[in-house]
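Engineer: Could you have a look at this structure, given as structure tokens, before my questions?
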Amino acid sequence: MGRMNTGEPPFDVAALRRYLQDHIDGLGPKLTAVPFAGGQSNPTYLLSDGSRRFVLRKKPNGQLLPSAHAVDREYRVIRALHGSAVPVARPICICEDPAVIGTLFYAMEFVEGRIFWDPALPELSGPERRALYDDVNRMVAALHSLRPDEVGLADYGREGQFLQRQVARWTRQYEASETTPIEAMHRLAAWMPAQIPGRQGHGIVHGDLRLDNMIFHPKEPRVIALIDWELSTLGDPLADLAYHMLPWRLTAQEFRGMAGSDLRQLEIPGEREYLARWCERTGSDPVPEEVWNFYLVYNLFRLAAILQGIAKRADDGTAASATARETGAKARPIADIAWALARQRLGAA
């Protein structure tokens, strides 16, 4: 599922094994837990009993922001989607008793496959890149086409006013984690509420549709599991898609992007082509450019708020990753990009 760290996990593995043996038939007598590298939010561990492998996701230790690190919601949605057109890891169990390993956690199957960290996909050939992005587009459209009530998620989030609530939520999250004030974030928070498009869609949104939250078949350009559902809810699928498509607007240095690359030469679809294909697959109307630009600005603001949360956890010493401080430092330049786009494309003053 990803790169591994070394070191002992900060919890009682024997206690974990005692709990899991009631949920996994034939669990071996010795359990090991090795942390994955790369995650910034919920600590994630590869478990092994010597013959089989599983994955554990837990809340971080320490004081947490309200509504953050919702691994219980994450477990609910993968349980609901297992067996649907959206591939997810098989859920095993959830433990809400912090006495077992210190925080709430859940376990799921380990999915053997590839994870790509660079959206330009330097490991692949041109035809493989095109095929892979087409399958990602297909999977994302399948998610956004699901009806929440048909998979038992009708009450997974509120309907209506999604962007209004999200702008308010991420404004609060940013303010709660602000270390040094970022002027662009304050300007965006004041400007966005009056600019929200009147018509919004409603469906299941993942909330963090980055390429590295997808596990691909070991050899085929095909998604076999979408992971990291902690930000999922019911909301506007177009907002989810715009976040997924930020790599078309950001460079690798700014944040895991591919802006500035020759996409035609790489055989990666351009932004408008990729968006149009999603519209076709979901049966959505074409998206006007000014509407699309607002969704991009909102998602850059949201990304900056998430990054600022990482920066705050780095300051507090509760971040899951050793690179948290470096990642969190990207909040300010991302916010500046969002405000520049708002001024350039949407006439922000």
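The values are calculated or read from the model by the stated rules, or taken from the named source; none is laboratory data. For clarity, every value in this text was computed on a predicted model and none was experimentally measured. Cβ placement follows ideal geometry from the backbone for every residue including glycine, while neighbour counts extend to all protein chains displayed.
Engineer: Count, please, the residues in the stretch 259-276 that happen to be in contact with a Ser or Thr (Cβ under 8 Å, 6 or more places away or on another chain) and not in a loop (DSSP other than H, G, I, E, B).
Structural biologist: Of the residues in the stretch 259-276, 0 are in contact with a Ser or Thr (Cβ under 8 Å, 6 or more places away or on another chain) and not in a loop (DSSP other than H, G, I, E, B).
Engineer: Report, by residue number, each residue of the stretch 180-191 that is in contact with a helix residue (DSSP H, G or I) (Cβ under 6 Å, 6 or more places away or on another chain) and either surrounded by fewer than 20 Cβ atoms within 10 Å (Cβ to Cβ) or without any contact (Cβ under 8 Å) to a residue 24 or more places away in the chain (or both).
Structural biologist: Within the stretch 180-191, ARG187, ALA189 meet the criteria.
Engineer: Output yes when any residue across the stretch 285-296 is in a helix (DSSP H, G or I), under 27 Å from LEU143 (Cα atoms), at pLDDT 95 or above and in contact with a Phe, Trp or Tyr (Cβ under 7 Å, 6 or more places away or on another chain), and no when none is.
Structural biologist: Looking through the stretch 285-296, none of the residues is in a helix (DSSP H, G or I), under 27 Å from LEU143 (Cα atoms), at pLDDT 95 or above and in contact with a Phe, Trp or Tyr (Cβ under 7 Å, 6 or more places away or on another chain).
Engineer: List pairs: first residue in the stretch 139-167 and modelled with pLDDT of 95 or more, second residue of a type in the set (Asp, Glu) anywhere in the structure, Cβ distance under 7 angstrom, at least six positions apart or on different chains.
Structural biologist: Correct list of pairs: HIS144/ASP240; PHE162/ASP236; LEU163/ASP236.
Engineer: Follow-up. So, ASP262, is that one acidic (Asp, Glu), in contact (Cβ under 8 Å) with a residue 24 or more places away in the chain and farther than 21 Å from LEU146 by Cβ or not?
Structural biologist: Judged against the criteria, ASP262 is not a match.
Engineer: Restricting to the stretch 76-96, and then to whatever is closer than 19 Å to ASP22 by Cα, out of contact with any His (no Cβ under 8 Å at 6 or more places or on another chain) and modelled with pLDDT of 95 or more, can you tell me which residue is surrounded by the most Cβ atoms within 10 Å (Cβ to Cβ)?
Structural biologist: Among those that are closer than 19 Å to ASP22 by Cα, out of contact with any His (no Cβ under 8 Å at 6 or more places or on another chain) and modelled with pLDDT of 95 or more, it is CYS95.
Engineer: Another one. Determine whether ASP336 is at pLDDT 95 or above, part of a loop (DSSP other than H, G, I, E, B) and not β-branched (Val, Ile, Thr).
Structural biologist: Answer is no for this residue.
Engineer: Determine which member of the set ALA225, ALA189 is in the same structural domain as TYR298 (by TED's automatic domain parsing), of a type in the set (A, V, I, L, M), modelled with pLDDT of 95 or more and in contact with a Ser or Thr (Cβ under 6 Å, 6 or more places away or on another chain).
Structural biologist: The conditions single out ALA189.
Engineer: Filter the stretch 301-339 for residues that are among the aliphatic types (A, V, I, L, M) and within 15 Å of ALA190 (Cα to Cα) and give the result.
Structural biologist: Result: ALA305, ALA335, ALA338.
Engineer: Working only within the stretch 308-323, note down all residues that are touching a Ser or Thr at 6+ places or on another chain (Cβ under 9 Å) and not in a loop (DSSP other than H, G, I, E, B).
Structural biologist: GLN308, GLY309, ILE310, ALA311, LYS312, ARG313, ALA314, ASP315
Engineer: Taking the condition of being touching a helix residue (DSSP H, G or I) at 6+ places or on another chain (Cβ under 9 Å) and of a type in the set (Lys, Arg), how many residues in the stretch 156-168 meet it?
Structural biologist: Residues that pass the stated criteria total 1.
Engineer: For the stretch 226-268, give me each residue that is more than 14 Å from ARG302 (Cβ to Cβ), touching a Phe, Trp or Tyr at 6+ places or on another chain (Cβ under 9 Å) and of a type in the set (A, V, I, L, M, F, W, C).
Structural biologist: Correct list: TRP229, LEU234, TRP248, MET258, ALA259, LEU263, ILE268.
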